[in-house]
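Enquirer: Got a structure for you, questions after.
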Amino acid sequence: MSSLQSTTEEVLRLAAEHFKVPREQLAPDDDFFKKLGINSLQALDLLTRIEHHFKIELPDYELQGVSDFRTLAERIQLRL
Amino acid sequence: MLNLREYRSLGEALRAALERWPNEVCLIEADRERENARFTYRQFQEAALPLASALQGAGLQSGTRAAIIMTNQSKWLISAYAIFFCGGVLVPLDYKLTAAEELQLLAHSKAEFLVVEYHLWRAIMQTERFKDLATRVVLVTEAPGGADLGGANRWEEFIAAREPVFTPRSRQDPACIVYSSGTGGRPKGCLLTHENYLEQCIALTALYPFSPGVRYLSILPTNHAIDFMIGFIGPFTCGAAVVHLRTLRPEYIREAFTRYKITYMTLVPMILKNLERGLRQRFADLPKVRRGVLNALIATNRALTRRRPNLRLSRALLRQVHGAFGGELRAFFVGGAFTEPSTLQFFYDLGIPVGNGYGCTEAGTVITVNDFKPFRADTVGRPLPGMGVKILSPDAEGIGEVAARGKTIMSEYIDDPEMTAQTIVDGWLMTGDLGRIDATGHLQLFGRKKNMIVTEEGKNIYPEDIETAFEGLAVKEFCVFAANYLWPARTLSGEQLVIVLHPEAGQAISEDLVRNLAGRNRRLLNYKRISGYLGWERDFPLTASLKIKRGELAEQIRTNFDRSAVVSL
């Protein structure tokens with residue numbers, strides 16, 4: 001099982017790839033809505049990609065109230 | 001479709017529908033690529049009646065208030081029908097509220113019964129105020145085996161074999177209490193009668209008749225007035241089918257169109273815009289020659305459908321585009337917030353008309369909607385049949401507050417005669433929105449008179465409701481405003497909230513304070529966040545009961561500052 005740190009790193013990498021921004025511009029505590037200039041629907045799109053990558057399912061409601069990469073990684077970690 | 005003039009209540013109309021089309025599919029529940037459930041009208045009835053029987057056994061009777069807190073799914077509609085069957089008053093609560101907010105509205109609504117999804121119930125049980133919950137009977141759906149439900153019942157097991165007795169209601173009896181705002185301040189529970197809903201349904205289906213074979217894709221929350229009407233009552237009373245999708249992921253929405261051959265769908269502007277963005281990208285990725293051909297076909301379609309939509313022609317001309325939407329799509333409906341005319345035009349040119357509408361919960365959902373006679377991207381359409389709309393105190397350009405009157409307007413805000421009297425004046429609903437009616441009877445909107453914003457997700461955000469998130473800030477006082485309320489602007493897009501901070505005497509707005517403010521802001525749901533702050537050095541004007549006189553404070557701020565004084569967070 002991967003650690004929270006490596007899950008967070010993977011999430012950051014996937015987000016950078018998905019939204020075509022340099023990985024080094026993203027940090028675990030960044031507010032992804034603000035940093036990437038995305039809306040909740042675009043965040044859900046990223047979530048789909050994350051699900052495919054980790055081979056898990058995260059219901060939409062799991063993302064409610066989550067706005068930084070670290071917390072998102074924590075939610076994923078719980079399902080790994 | 002049913003002749004709804006013959007029915008006195010939603011329960012009666014729905015019961016007639018279930019008997020009229022027993023073998024038609026009425027409801028499909030899908031999640032991602034899976035199909036969780038599928039019901040014919042007969043099967044829906046068979047699922048609902050044992051629940052209704054158990055509810056009656058537990059004391060749900062005429063006028064009993066019963067709340068539902070659930071995401072979009074089949075059990076929502078089954079539970080709602082069972083509640084109406086027993087003569088209950090439905091209280092649909094927004095599942096996106098925090099658990100503390102749900103408790104607050106449950107208390108305010110005096111709901112005696114509650115149907116709730118397990119993950120939401122678990123959150124409610126963990127709140128400090130859970131012990132104060134006065135709801136008598138709680139049904140929890142989809143709870144894992146062995147889960148501690150805190151004394152609640154499992155929805156799936158809450159059934160009784162005895163034949164339930166249908167409880168008739170009159171048209172003037174309350175059908176639903178729907179909260180349009182007020183989680184942080186003064187709850188606004190709109191009381192809507194059976195007549196409000198039946199008349200709204202009559203008016204909407206006169207413009208857009210549904211029928212057996214129509215498949216409506218429901219992704220907006222069913223607790224929302226739009227989906228409750230267009231994604232439940234409307235299709236069911238016409239023998240049509242509702243497809244619930246339990247995710248908002250764009251990828252699965254696209255798949256649902258083709259898998260279920262969707263006919264209609266209602267969206268909020270954000271989702272429509274997202275679909276537009278995706279299509280534009282796909283068009284841009286086409287090889288140059290194919291892109292040229294597509295553009296020529298779109299131009300031809302635009303020219304040939306200028307006066308009226310022509311679905312058959314558009315489908316023939318733009319086969320691939322329509323194929324991507326399943327080939328059966330007739331129209332989208334959009335509402336809940338401002339939609340860019342360019343987005344509406346984009347879809348119309350593809351032969352997918354978007355019925356752009358305007359309304360509010362207080363009006364029983366829709367006030368105006370486009371009828372495509374002809375299509376207009378710059379308006380929110382004409383008043384629904386039976387709805388009167390007028391502009392109060394119009395200025396030189398004809399712009400003033402929009403007021404509406406008709407059989408669909410709510411009767412009151414529960415337990416708040418003062419706010420009801422301010423909102424419904426001589427039978428006219430004061431919407432707080434600014435608009436103009438043009439020479440062809442179309443309503444155009446220009447901004448708001450009231451202190452609130454609507455996000456592109458269709459969420460109405462009232463400043464008072466989010467102020468609790470900032471309580472305890474190290475300032476003398478603070479107040480949240482809609483920026484366009486402080487500085488009126490004739491636009492409905494990009495609305496933002498700002499917080500006005502009045503520091504203690506002799507103190508400045510420190511970095512620590514801003515950090516604290518930003519931290520609290522970040523804990524709010526993204527669409528509820530404030531975008532900036534404004535420093536203010538004078539005492540806020542207060543009422544005798546020490547409440548902020550918001551209108552007066554706004555006037556003072558407007559006189560002293562313009563928008564450029566707001567510091568972004």
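The values are calculated or read from the model by the stated rules, or taken from the named source; none is laboratory data. Everything numeric in this text was worked out from a predicted model, so none of it was measured. Here Cβ is always computed from backbone atoms with ideal geometry, including for glycine, and neighbour counts include all displayed protein chains.
Enquirer: So how many residues does region B:518-569 have that are touching a helix residue (DSSP H, G or I) at 6+ places or on another chain (Cβ under 8 Å), assigned to a helix (DSSP H, G or I) and within 14 Å of another protein chain (Cβ to nearest Cβ)?
Expert: 6
For every residue, the table says whether it meets (1) in a helix (DSSP H, G or I); (2) more than 9 Å from the chain's Cα centre (by Cα); (3) free of Cβ contacts under 8 Å to residues at least 24 places away in the same chain.
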position: A:S2; (1), (2), (3): no, yes, no
position: A:T8; (1), (2), (3): yes, no, no
position: A:L12; (1), (2), (3): yes, no, no
position: A:E51; (1), (2), (3): yes, yes, yes
position: A:E57; (1), (2), (3): no, yes, yes
position: A:A73; (1), (2), (3): yes, no, no
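Enquirer: B:K131: without any contact (Cβ under 8 Å) to a residue 12 or more places away in the chain and under 24 Å from B:A58 (Cβ atoms), yes or no? Before the answer, list the steps.
Expert: Working: without any contact (Cβ under 8 Å) to a residue 12 or more places away in the chain: yes; under 24 Å from B:A58 (Cβ atoms): yes.
When the stated conditions are applied, B:K131 passes them.
Enquirer: Would a scan of region B:276-284 turn up a residue that is surrounded by 24 or more Cβ atoms within 10 Å (Cβ to Cβ) and of a type outside the set (A, V, I, L, M)? So that I can check it myself, show each step before the final result.
Expert: As a first pass, look at region B:276-284 and keep what is surrounded by 24 or more Cβ atoms within 10 Å (Cβ to Cβ): none.
No, region B:276-284 contains no residue that is surrounded by 24 or more Cβ atoms within 10 Å (Cβ to Cβ) and of a type outside the set (A, V, I, L, M).
Enquirer: Inspect all residues belonging to region B:291-299 and state whether any of them is farther than 18 Å from B:T343 by Cα, at pLDDT 95 or above and in a loop (DSSP other than H, G, I, E, B).
Expert: No; the residues of region B:291-299 include none that is farther than 18 Å from B:T343 by Cα, at pLDDT 95 or above and in a loop (DSSP other than H, G, I, E, B).
Enquirer: Of the conditions (1) within 9 Å of chain B (Cβ to nearest Cβ); (2) buried (at least 16 other Cβ atoms within 10 Å of the Cβ), A:G65 satisfies every one except a single condition; which number is it?
Expert: (2)
To keep it simple, each residue is scored yes or no on (1) surrounded by fewer than 20 Cβ atoms within 10 Å (Cβ to Cβ); (2) under 22 Å from B:L192 (Cβ atoms); (3) within 14 Å of chain A (Cβ to nearest Cβ).
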| residue | (1), (2), (3) |
| --- | --- |
| B:R20 | yes, no, no |
| B:L27 | no, no, no |
| B:R32 | yes, no, yes |
| B:Y41 | no, no, no |
| B:A52 | no, yes, no |
| B:G57 | yes, no, no |
| B:Q61 | yes, yes, no |
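Enquirer: Is it true that some residue in region B:66-81 is part of a helix (DSSP H, G or I) and without any contact (Cβ under 8 Å) to a residue 24 or more places away in the chain?
Expert: Step one: list which residues in region B:66-81 are part of a helix (DSSP H, G or I), which gives B:74-81.
The next check asks that each one be without any contact (Cβ under 8 Å) to a residue 24 or more places away in the chain; those that pass are none.
Within region B:66-81, not a single residue is part of a helix (DSSP H, G or I) and without any contact (Cβ under 8 Å) to a residue 24 or more places away in the chain.
Enquirer: If I ask for residues that are closer than 25 Å to B:I271 by Cβ and more than 14 Å from chain B (Cβ to nearest Cβ), which ones from region A:17-48 would you list?
Expert: Across region A:17-48, the qualifying residues are A:E17, A:V21.
Enquirer: Follow-up question, since we're still on this one. From the residues in region B:254-288 that are without any contact (Cβ under 8 Å) to a residue 24 or more places away in the chain and not basic (K, R), which one is farthest from the other protein chains (Cβ to nearest Cβ)?
Expert: Among those residues, the one meeting the criterion is B:P287.
Enquirer: Under the condition of being in contact (Cβ under 8 Å) with a residue 12 or more places away in the chain and among the charged types (D, E, K, R), which residue from region B:201-253 is nearest to the other protein chains (Cβ to nearest Cβ)?
Expert: Checked region B:201-253; the qualifying residue nearest to the other protein chains (Cβ to nearest Cβ) is B:R249.
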